[in-house]
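First the structure, in the form of structure tokens, and then the observations on it.
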Amino acid sequence: MNPVQLLPQVQDFLNRNHGHFIDGAPTLSQGQRIPVVNPTTAETIATVANATESDVAAAVNSSRRAFEGSWGEAPPASRASALLRLADLLLVNGNELAQLETLQSGKTLQLSRHFEIEAAATFLRHYAGAATRITGQTINPSLSSLSGEKYSALTLRKPLGVVAGVVPWNFSILIAVWKFASALATGCTSVIKPSEYTPLTALRIAELAIEAGVPPGVLNVVNGRGSAGQALIEHPNIAKVSFTGSVPTGISVGRAAVSSKLTRFTLELGGKNSVGFLKDVDAEKAAAGVLEAGFIHQGQVCAAGERFFVHRTRMDEVLEKVSKALSSLTIGDPLDSATQFGPLSNRPHFERVSAFFDQARSGGDQIVHGGKVMDRPGYFVEPTLVLAGSRTSTLLTQETFGPIGTFLPYDDEDELLSLFNETDFGLSASLWTNDLSKAMRMVPKIEAGTVWVNMHSFLDPAVPFGGVKSSGVGREFGDAFINDYTELQSVIIRY
């Protein structure tokens, strides 16, 4: 193994006494220190502060002042230009950000650079373009004239105010960008609360935002555990909450937002995402599809496939080829360019995924490949294939959020559709087939916010993304996000 040498600026950043980023500058805090652990070695590489209520209040009030002042008064093209400059700076500082991200999350360096940073720059450019496309409409009212007067009407899109973005640990750069860029493009300001497991990159991006010309207070970052997030959500100057995470936490966030003062919220929650291979699919392509759908970033992707349905006549050959592909993966230090599969991102998740292996063995499922914790430092588990004992198996119903692909055979397409929809989740799904006509007929019957055909996990900023059922409320990307970050105001004029 030959991991890259850390850049001097990365080492310097790790050695800082990190608190928060408020009103354009790093801010120290009296809050308890939280260790940031490298999941490859299980060693502490930095610490951040757990935000106090006064820290949260300082950040929100700073963002409120910026909303009422410099940012709220800025023309859309000015906001767009700042986001474009930030996109450029992400790429210029890409190696530094990628190393920080890999150190804190266990994501391979290639994935950090290409999937997180380069994709984040692409999304920033999309949102920059959206800043100048926020429009209302003119309306011809049906009001009757009483004495010759006339009426006209129009609608305005007004930014909500300060948006709280609560970011998970799996994609700390990309998801943070989704949240604050949505806010900034519409004229809102943002306070980001990253996960306590992966807080470093948000702090660095906030610094780059100032360098890009984003005024102080427009983008603030507060660190901390759940108490910091709760204080942020319940602050009276928060106009909207955008949360990505688990279903139980999302329900709590939604309740807290509504009970606070009917604060708006967008929830992008978990998924038990289905992947269906029709009988005609080539086994080699199916195996590649399984890896694409279920094992990127060790399966720690909200939209990753976890439930794999294969026609009964094809199951043995598909499992054989997937097992062979998983056996050939290079597992190791994600800072090494040769590594294809790294550790899980934190100890609690490592323990949770390990428990699923025991459940599979005790619950009547068959572990076809993997299913063990690896005997090495850090939070490594084997990529795992499970053949479910029944359609009610725990591993077919509970989100694992890890590198566990659970398979079940089916006999006909009606049964396949039934299996797809036999879940409380509805974030994403994919169909794999050479028969496009058949796929197009099946897609509308699948209960999921996004359905891919012959692909999985690919997101594009122009295409709305979000879940149905227990997988969330609201949409991100496209132009759909504008509705969630602005208030519609109607104006009627008599003349």
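Key figures
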item: Share of pairwise Cα separations in the chain, more than 38 Å, in percent; result: 28
item: Calculated FRET value between Thr41 and Thr138, using beta carbons and R₀ = 56 Å, to 0.05; result: 0.35
item: Accessible surface, the chain, averaged per residue in Å² (probe 1.4 Å); result: 39
item: In degrees, nearest ten, helix 119-130 long axis to first principal axis of the chain (Cα); result: 30
item: Long-range amide H partners of Phe265 with built H, under 5 Å; result: Val241
item: Residue list for the range 87-129, given a label point 7 angstrom along the Cα-to-Cβ vector of Asp479 and an amide N cut-off under 20 Å; result: 123-129
item: Peptide ranges 204-212, 455-463 listed from the most packed, as the mean C-beta count within 10 angstrom indicates; result: 204-212, 455-463
item: Whole-percent carbon and sulfur share, accessible surface of the range 231-369, 1.4 Å; result: 53
item: Cβ crowding within 10 Å averaged over residues, with 129-140, 246-257 ranked highest first; result: 246-257, 129-140
item: Within the chain, percent of DSSP bridges classed antiparallel, to nearest 5; result: 40
item: With every protein chain in place, the range 1-54: carbon and sulfur % of accessible area (1.4 Å); result: 48
item: Alpha-carbon gyration tensor eigenvalues x 5, square-rooted, for the range 147-243, Å; result: 32, 16, 11
item: Estimated 222 nm signal from helices in the chain, with DSSP H stretches of n ≥ 4 weighted -39500 (n - 2.57), rounded to 500; result: -11000 deg cm²/dmol
item: Under 16 Å from Lys469, Cα to Cα: aspartates and glutamates that are on another chain or at least 8 residues apart; result: Glu268, Glu399, Glu422, Asp424, Glu447
item: Listed residue pairs exceeding 26 Å between alpha carbons, taken from Lys279/Lys372; Lys193/Lys261; Lys107/Lys438; Lys158/Lys261; result: Lys279/Lys372; Lys107/Lys438
item: Hits among aspartates and glutamates - C-alpha to C-alpha of Lys285 under 15 Å, sequence gap 8 or more where chains match; result: Asp316, Glu317, Glu320, Asp435
item: Between helix 174-185 and the chain: long-axis angle, C-alpha atoms, 0 to 90°, nearest 10; result: 20
item: Rough spin-label spacing in nm, given labels placed 7 Å along Cα→Cβ, for Leu156 and Ser323; result: 6.6
item: Mean Cα-pair separation over length for the chain, i.e. relative contact order, pairs under 8 Å, 6 or more apart, %; result: 18
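The values are calculated or read from the model by the stated rules, or taken from the named source; none is laboratory data. Just so it is clear, the model here is predicted, and its values are computed rather than measured. Cβ atoms come from the backbone with ideal geometry, glycine included; neighbour counts cover every protein chain shown. The protein model used for the area step is the full one, side chains on, heavy atoms only, and it has no ligands, DNA or RNA in it. Shrake-Rupley method; radii C 1.70, N 1.55, O 1.52, S 1.80 Å.
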